[in-house]
Every structure is written in structure tokens, then in C-alpha cells.
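Before any comments, here is the structure.
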RNA sequence: GGGCGGUUAGCUCAGCUGGUAGAGCACCUGCUUGACGUGCAGGGGGUCAGGGAUUCGAGUUCCUUACCGCCCACCA
């Protein structure tokens, strides 16, 4: 028999075991019509990213589900892969180039992409190898990348389809512009942050009346781009100004005063300056009143100048599709300043001219880029959009009808809210790393052709075409992930069999980015849902409850935890005490506790193995004793409830129950009891004990395997009669033939009694080495007779006499009382009569309290008539037990005199 | 301004469809019990944030208040 070390050493086990699993091909899953499919697609981590705790939890939960389903006999497929993460990756590559003094422009598109791919090759494997460290049983033969050939094909196909259906369009719209990343981003990618700012009250003279119109703004630098001033049509204060004009200070430009609901009478002075090119609301106002748009900021956040104006004018003149492009202003003395510099300068000039009335401090929410946290600049810009309204309806319905279920349910509200209010999705990015937009512009006729197949000449006039420079939002390709990874748009067998996938596991922070987009995409392109359940988890926070972040430097590296404690300990920590949708804290203490459990299990296994003789044959013995029946019955309940919890995605509860069983039931009771038979000298009894020990351990390992794959495999393989791997064994189901309710109840009486003796002895400071004889008086002697051997060991008895009734001498006897029995233990020299009285009286009070409580409940007419019979019966039994206990205590008290 | 979550033992958190409050850690007391001191046995500690309602019965359902946190929203 294999000798196990005293301490479990994960480092010695994990890599070797993982390599073996891969080699044996256990992770690979194929279409198998004789099985039911179960599939998960992994939320693709950024290809150049590194594993963090959030991933670790996400992947652990998925692996638990996949391993569980695989053992249940499903064709369980877990598709892994990575995301090209356009902005994040491009930013990294650009930063690296900067160190070498290079810019994107220096290299050109092709040169840059060459570098980006090289970067991907260099770092792309990192996250994958980290996933392997965690023990993820993904099908690596199917690993995908959002920019691989198949995914790219799906992207182009979808783009063309949507365009042909009129669901993708190009136009000049207000978009969120990140001056740092130099690209547009979608609404979902904007994060709002509270910023200290000011509220500047400006004065614009009215041309017709000469009065000064006061208005307030948080962004004075955009005033050069004002093209109107708005008042509320119903505002009596300004009724006389309808149809009038103001003179824009500094530029001396005449602007109309327009009436618009947007001007809120309650706010400020009720007058708003309108800058359609730099404010989303103003953009809408501008459209309603057909106002010109004047752009005063460049795409890198500086004030526009003569050159910018010339360039824009040329573009407007040449490109027919750009009729809705804004004008560009030559900001003159302000040209080239950053927005901040311009603000200072313009304010100074306004003040000098008497146009600045006052400055009021103000904190307000400012949009920032979710990647770099630069304040985003609302800009009118020509971009590609997905029309959301036609797509949102079915997507909402899919959840509302229950075809797709969020776990926990409450997240469907988030989802509805976002879906119902979402605006058109800006999908073009001014980046090079990503899927290039398949739109081609004819250099001669100016026509736009969208084509999944590359075009070189215009299908209409035959002139050369040039392709759109922009790429697609990363999330556009990840939205297709559940089906693009299975071969769509081809009609593959994989798609037919594994799709729709079953469970999507992800954090609540990307429901809007990703989950919602997968849902409407799947419904639109595959005419099916992408998955039936979305299992949501929360954030992993640090021990103080703070979000782990780079800037705080409080991130905990999962790989370090794996190195120090093992992957199994990390995994268990990430499920124990977790609840779907709720954040959890990660701490060293928790990992240590998990590590300790691994060690506990390891040693239990070590004990079992060292007791197995050569030629041992596994299997249940023909004869089961009381403790066997008890442990098997408990195991049955465990199988039932763990399966139940897993089906309901209550991973934390499931793990907790398995752990409790192994530690409390198996180790602390069953192994200890089994030692009696192992050492009894009766080979038949010893063999029976071994068989049950191995049998139960085997089942427990299987139940634990999804949570702690490595250690369970290592132990499993050491068990006699085991197969080649635990991960391909059958998930344990409860066996009704092994339910022994009556024996469980009997055993519980013994346990009660043993605990009572232990408590009394601990209370009296009796050394374990001191043993005594013992008389047990009970109305139901059977269990105590059956359990005499156990009592000898655990109740420290030299010999046990079981009687119906004991009426002998009680002097010098310690009396132990449970509801089922009274024990008499001669310990003359240790007895303090007063203490005994106090102890027994305390027991008496407890019993009386219970009797009072249960009695009151049963005396309640309403309870007896309305509560379910089982509950009433339960209470009756509890009352009876309390009464028995009271009777026993009273007898003992009487005996004490 | 809406929406959501949290508030349970000193700390971290479980507690499913309502039926005498649980775990881990910490703390206290014992134990060199040949699997394990990363352990064993025992113990103390909670009016389940406050108020109200429904119910025979509420940590668990409903309303409400307070505090903490998150998400969403175009306050110029």
C-alpha cells in the first residue's frame, strides 16, 4: 500500500495530476448522442491579461459545475478562450512602443498589427497556463480567440447581416470620446465619477433688448461652440424674449434664443446655453431646432485651430456622406490649448469683458473612460451604430418568459432596466487592434458597400475602394461567443448538439457589457437563446472589504495563494460562504482553514490506507453494524442534499455540507468508532470496518471532487479497486437500500449520551486516562446494548451495565442525564454535592423551559389545527423527549437527596 | 432622482419554498487519545438594525425608518 506523507503537499501533486488529465483526454468532449449535452462557454479573459481573484472565482464555479455534470454522465463541454480586448491590448502595445520612442503612425497600420500579434503571441499563453494551475477542466482542444479565423468570420457575417437588415447604420452622432485612448466608446463603457467642479454664471447680452441674460455652465470652454440659448416656452420670466437673439461674448456672434423643454425652469436661471457639438442634450436640442453644430475641440482634447478647420472643410466638401458633420471653428488665440487651459483663458477674458457674474463651487458626476479613467468628451463624430430598439424587445422577452433565468433572480431587473433604456450601440472604435469594419467606400462614386468578403473595386462603378479605417468594439465579437465558438455561421454538429449552452457564469459587473449583448445577438442570429441560466457572482474583495485594485495595491495574486496553499484550498475558499450575486471577502485565515481541511482529509485517507492489508477487496460487507448503518444513512442524506444544492447553484452550501460530513461525521465519529473494530483482533469485524471506511471515503471523495479536484484524485487513485481517475467516475446518488432511519435514531441516542458524559467529565476536570464502571438506566436499552463497545471508548467506561431501571445506591455517583437515559458513574472522590445539584438543576430548568414552550405550542388550538401534521408531530416528539429528560433529571435530583 | 444589496455570536459569513438560531476564525478549559496539534474533547457568547403588519407561528413574507455599500440617470 502506498505510503502517504504526514502533511499534504499540493505542489507535489497538482501539476503532475493536471498533466495526466490532459494527456488522458478527459477534458475533451465530443458530440455523443447517447448522452445529454451540458455546455459552458468561458467568459474569455483578456488575451494579454493575468489571472486575478475575480477570474479565479469565476473559473472555479464553472469548473465545479462542469465536473459535476461530467460525473453525472453528461457530455460536459467547457469551451475556453481569450478575448482580444481591443482598447486594453492596444493601449499596452502603444505604451511599449512609446518606450522605444515609436508611435502608431510611425509604424503604420500593418507594422502596428504585426507588433500587436507578436505581443499576443508573447503574452497570450500566460493566462491560459494560469487557468491550468487552478485545475480548470476545459476542453483545450477547442480553445478559441475572438480574433481567430472562425470568430472573425462570424463577426463579418453578423455585420453584413445586420447592415443588410438596416440594423447597423453609420452616422454623425453624439458619442463618448476618450481623448486619451483616442477612440469613441459605448455608453456602457462610461463610468461616472464624482468630481469637484464649478458652476460659472455667464452673462450673454440680448441683441433686441440690451438686457443681460444670465445662464450657468460647468463647461465654459465650449461656449465658443454655442449656437443658441434655450429658455423654457412656459417660463414667464423670459416670455418677452421669444424670437430674440443673444450676442455670444468673445466671438460677437448672433445666436437665436430658442424655446425648448430641455430648459428647466426650476434649475439655475432657467436659461441654458446650447452647444450641440459637445453636449448630448444640446445635440438633441440642436436637432429639434435645426441648429448648426460647431466643433471646438479636437479628438485629442485641444481647441481647434485654422488647420483643423481647413481639414474639416475639405472633408465636408469631398465626402458626400458627411453632410451631417459639424463645422469646425478656428478658435484663434485659444487654438491648440487643452480644454483646461482654454477654460482658464476664456474665463479670464469673459471676466475682463464683464460677462462672468459669479463662480459657484459644485460637485457633479462626470463621465470617465472605464479603461483609463480619463474624463470623456461628448463629441459629435461619424461612427457606426447598432440600432437597439428592434433587438431589445425579444431580448427582454427571453428573460421575462423564463427561457433565460438569472441566478439570483433579482438581476433580471438590472437587465430589464438597461435593455429598456439603452440607446443605439456605438460599435466603431478608432483603433487598429480588432476586427476591421467591413465597409468599403468607393473613391469615385462615394458609395458605401458593406461586404463580408473583401472588396477592391466598387461593385457599382468599378473604381477602387478603400476600407473603413475603424475596428469594432471588443464586445461586438464577444457577443457572439456562445455560438461563434461552436462553429457558427456554419451549421456544425457541435452547434446542433451543444447549443444553446446551459450555464453562463459571470460577475454582475458585466451584465450590461456582455450578457445582454449575447442575448440579443443570439436571438437575432441563431434564433435561439445563448444559454438558459446566467449564474451571477459578486466581487472578491480584500480582507477589509475593499475592492481589489491595481492603484490600491491590495490585489491578492491567486497564483501566490496556489503556491502557498494549493489550488484546492484556493478553490474551496472561493465557494465556501459565498452566495450567488453577493460580494465576498478574501482573507488569509479563510485559505488557511481550507488548507487545513485538505490536510484533514489527507490524513483521514492516510489512516484508512495504512489499515488496508494486501489483497483487500473493496465493497460493502454482508453484515453492517450500527455505526455502519448510521454512517451510510448519513451519506445518503448528504448525496441528496448536495445534489439538490448543486442543481440550485448553491455551491457554497453544497461545499459546506460535504466538508461537514467528511470532518464531523466521517473523521470525528466514524473513523474513531471504526478503530474499535480494526483493533478488536476479530479479523471479520476488522475487514467489515475497512470495507465501510473505504466505501464511504470513496463516495465522499467523489462528492468533493468538483470542489477540490486535485487532492480527491490523488487519494482516489491510492484507494484499492479504484479506476484510473475520479473525474470520470459516476457521481454518487443516494441508495434507498442504505437508508436506516431507525438505526440513525438509535445511534443519535448513543451520541447524546456520549456527549453528555464528555461534558460532565470536562466540567469536572477528569483526566481521560481515568476510566470507571458505568450503569445506564433506560426505557429503551437496545441501542445501548448494541453500542456498549462505543461507550467503553467514548464514555470512558471500564464496563457498562444496561438496566431498565436503577434503584440502587446513588451515593458517590455522578449522574448523567439525557432524554433517553440516565447514567450512573462512580466518581466518589470527585463529587462536589453542591456542584452536582447546580448542574442537574440547570438541566432541569432547560427541560422545563422546553416543555413549557412546546406545551404552549401544542395547547394552541390554531397551531394544532392549522400547522402541517408533520410539524405538529415533530413538536409532540420534542415535547415527549423533553418530558423524558425532565423525568430523568428529577429522579436524579431525588436520588441526590 | 430612481433601483438594488447589506445590517444575524468579538471578526468573516451561511441560513432553500416561514416551524425551538448555525459554521469557520478568535476566545476560555482540558488532552503528547500511535491518521492529523494544519489535531481532539468541552465551553462561553446572539431580544437575527429599529418600528409596524400578516400568520397558530417570522431571521425567513409585506410595509416603514435608520445606517453602510453598489448600480443606473442628459441636472445645464
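What follows is calculated from the coordinates using simple rules that are stated; it is not laboratory data. All values reported here derive from a predicted model rather than from experimental measurement. Here the Cβ is made from the backbone with ideal geometry for all residues, glycine too, and neighbour counts use every protein chain on show.
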Q. Counting pairs of Cα atoms in the stretch A:751-880, how many percent are more than 23 Å apart?
A. 42 percent
Q: Jot down the radius of gyration and Dmax of the stretch A:237-285, Cα atoms only, both in angstrom.
A: 11.4, 29
Q. How many nm separate the modelled label positions at residue A:803 and residue A:672, each set 7 Å beyond the Cα in the direction of the Cβ?
A. 2.9 nm
Q: Using only Cα atoms, locate the centre of the stretch A:103-121 and the centre of the stretch A:392-418, then give the distance between them in Å, rounded to an integer.
A: 41 Å
(Q) Under a crude label model (7 Å from the Cα following the beta-carbon direction), how far is residue A:351 from residue A:9 in nanometres? (A) 7.2 nm
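How large is the convex hull of the C-alpha atoms of the stretch A:580-718 per residue, in Å³? Spell out each step's value before the answer.
Numbers: hull volume 15.2 nm³, N = 139.
Normalising the Cα hull of the stretch A:580-718 by residue number yields 109 Å³.
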Q: Quote the relative contact order of chain A in percent (integer), defining contacts as alpha-carbon pairs under 8 Å separated by 6+ residues.
A: 13 percent
Q | Protection proxy ranking, peptides A:634-640, A:534-540, A:580-586, A:705-711, average beta carbon neighbours within 10 Å, highest first | A | A:705-711, A:534-540, A:634-640, A:580-586
Q) With a ≥ b ≥ c the root eigenvalues of the C-alpha gyration tensor of the stretch A:99-201, is it rounded (a/c under 1.5), prolate (a/b larger than b/c) or oblate? A) prolate
(Q) Need one number: the % of Cα-Cα pairs in chain A sitting beyond the 57 Å mark. (A) 32 percent
Q.
Ignoring solvent entirely, what values of log10 I(q)/I(0) come out of the Debye formula for the stretch A:257-348 at 0.10 Å⁻¹ when each Cα is a single scatterer?
A. -0.32
Q: Assuming a ≥ b ≥ c are the square roots of the Cα gyration tensor eigenvalues, decide whether the stretch A:712-816 counts as rounded (a/c under 1.5), prolate (otherwise, with a/b larger than b/c) or oblate.
A: prolate
Q: Quote the FRET efficiency, to the nearest 0.05, computed for residue A:829 versus residue A:413 with a Förster distance R0 of 60 Å and r equal to the Cβ-Cβ distance.
A: 0.30
Q) Once fully extended, how much extra length lies between residue A:182 and residue A:640, figured as 0.36 nm per residue of separation less the alpha-carbon to alpha-carbon distance? A) 159.3 nm
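Summarise the long-distance tail of P(r) for the stretch A:1-159 by giving the % of C-alpha pairs beyond 19 Å. Don't jump to the answer; show the numbers that get you there.
Numbers: 8051 of 12561 pairs.
Across the stretch A:1-159, Cα pairs with separations above 19 Å total 64 percent.
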Q) For the stretch A:553-607, what ratio Rg/Rh do Cα atoms give with a Kirkwood hydrodynamic radius? A) 1.03
Q: Compute the separation of the alpha-carbon centres of the stretch A:490-564 and the stretch A:849-897 and state it in Å as a whole number.
A: 51 Å
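Using the count of nearby Cβ atoms within 10 Å as a rough guide to exposure, how do A:139, A:470 rank from fewest to most? Intermediate values should be presented prior to the final figure.
Details: A:139 19, A:470 23.
Placing the least packed residue first, the sequence is A:139, A:470.
For A:403, A:170, A:833, what's the fewest-to-most ordering of other Cβ within 10 Å of each Cβ? Can you show the working numbers first?
On the way: A:403 14, A:170 18, A:833 10.
Ranked by crowding around the Cβ, least crowded first: A:833, A:403, A:170.
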Q.
Only counting other Cβ atoms within 10 Å, I'd like A:455, A:601 sorted with the fewest neighbours first.
A. A:455, A:601
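For n ≥ 4 DSSP H runs only, could you compute -39500 (n - 2.57) per run for chain A, divide by its residues and tell me the 222 nm figure to the nearest 500? Please report the intermediate quantities before stating the final value.
Details: 28 runs with 385 residues, N = 897.
Value at 222 nm, helices only, nearest 500: -14000 deg cm²/dmol.
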Q: Round to the nearest 0.05 the FRET efficiency obtained for residue A:751 and residue A:141 when R0 = 51 Å and r is the Cβ-Cβ distance.
A: 0.50
Q: Could you tell me which of rounded, prolate or oblate describes the stretch A:501-577, using a ≥ b ≥ c as the square roots of the eigenvalues of the alpha-carbon gyration tensor, with rounded for a/c under 1.5 and, failing that, prolate when a/b is larger than b/c and oblate otherwise?
A: prolate
Q: List the residues of the stretch A:361-388 whose backbone N lies under 20 Å from a point placed 7 Å from the Cα of residue A:546 along the Cα-to-Cβ direction.
A: A:373
Q: Give the value in nm², to one decimal: projected area of the alpha carbon convex hull of the stretch A:303-462, averaged over all directions.
A: 16.0 nm²
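Quick one: of the DSSP bridges fully inside chain A, what percent are antiparallel, nearest 5?
Numbers: 66 of 95 bridges.
If we restrict to bridges inside chain A, about 70 percent are antiparallel.
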